[in-house]
Amino acid sequence: MDGVSLIEIHGRGPRIHDSAFIAPGCRLIGDIEIGPDVSIWYNCVLRADVNFIRIGARTNIQDGSVCHVDSPRPGMPEGHPLIIGEDVLIGHMAMVHGCTLADRSFVGLGAIVMDGCAIDSEGMLAAGAMLTPGRRIGPRELWGGRPAKLMRELTDMEVAGNAIGVAHYVENGRAHRAAISGRSAP
């Protein structure tokens, strides 16, 4: 993976499925596990130096995003790892920190998800929104603003659009991987 930093710290380093696409310029540090057909786009930083990051199949983390964790401490012996499910869309320049993103959830462009937060399946945080510590977005809920608040329920069309977005990023990741390696996409 030319142009990608894979850094082991505290005896743990990134574990990346063979089918994942990690774009040049990315920095992956520490206890990170990346599943099949995941795409991590240009200039993302995933830092799991004081806790762990897990990323499920077909998830994409778009350009310039930052993913980090929170340390264990008194009163919070587990700290806050970052757990990202399958088929999750994370928009450009998002920041996700010590939270849980369930399967098929969505984090918009430039949005912030803070420690102890959860976004349930098919929940969405709008572009530019900030989900403050410990908040939870329910299934099919759209939250927006700073701080984020419930705006409305997602429509069936919006949920279907997110699924189409996931499929697009799987295919686009394959095309970028092939272009970088100088061969044709499968």
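The values are calculated or read from the model by the stated rules, or taken from the named source; none is laboratory data. No experiment lies behind these values; they were computed from the predicted model shown. Don't worry about glycine lacking a Cβ; one is built from the backbone with ideal geometry, like all the others, and counts go over all protein chains shown. For the accessible areas, the whole protein counts, side chains as well, though only heavy atoms, and no ligand, DNA or RNA atoms are used. Shrake-Rupley method; radii C 1.70, N 1.55, O 1.52, S 1.80 Å.
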Name every residue in the stretch 149-158 that is in contact (Cβ under 8 Å) with a residue 24 or more places away in the chain and of a type in the set (A, V, I, L, M, F, W, C), in order of residue number. MET151, LEU154
Quick one: would you say ILE180 is within 22 Å of GLN62 (Cβ to Cβ), of a type in the set (A, V, I, L, M) and open to solvent by 70 Å² or more (accessible area, probe 1.4 Å)? yes
Exactly one of these conditions fails for HIS97: (1) out of contact with any Pro (no Cβ under 8 Å at 6 or more places or on another chain); (2) closer than 20 Å to GLU8 by Cβ. Give me its number. (2)
Quick one: is ASP103 touching a strand residue (DSSP E or B) at 6+ places or on another chain (Cβ under 9 Å), in contact (Cβ under 8 Å) with a residue 12 or more places away in the chain and not aromatic (Phe, Trp, Tyr)? no
Where residues in the stretch 10-40 are more than 14 Å from ALA57 (Cα to Cα) and touching a residue at least 60 places away in the same chain (Cβ under 8 Å), which of them is least open to solvent (accessible area, probe 1.4 Å)? ALA23
For the stretch 74-95, indicate whether the set of residues that are β-branched (Val, Ile, Thr), touching a strand residue (DSSP E or B) at 6+ places or on another chain (Cβ under 6 Å) and open to solvent by 30 Å² or more (accessible area, probe 1.4 Å) is non-empty. yes
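Can you find a residue in the stretch 123-134 that is out of contact with any strand residue (DSSP E or B) (no Cβ under 6 Å at 6 or more places or on another chain) and under 24 Å from GLY173 (Cβ atoms)?
Yes, the stretch 123-134 contains at least one residue that is out of contact with any strand residue (DSSP E or B) (no Cβ under 6 Å at 6 or more places or on another chain) and under 24 Å from GLY173 (Cβ atoms).
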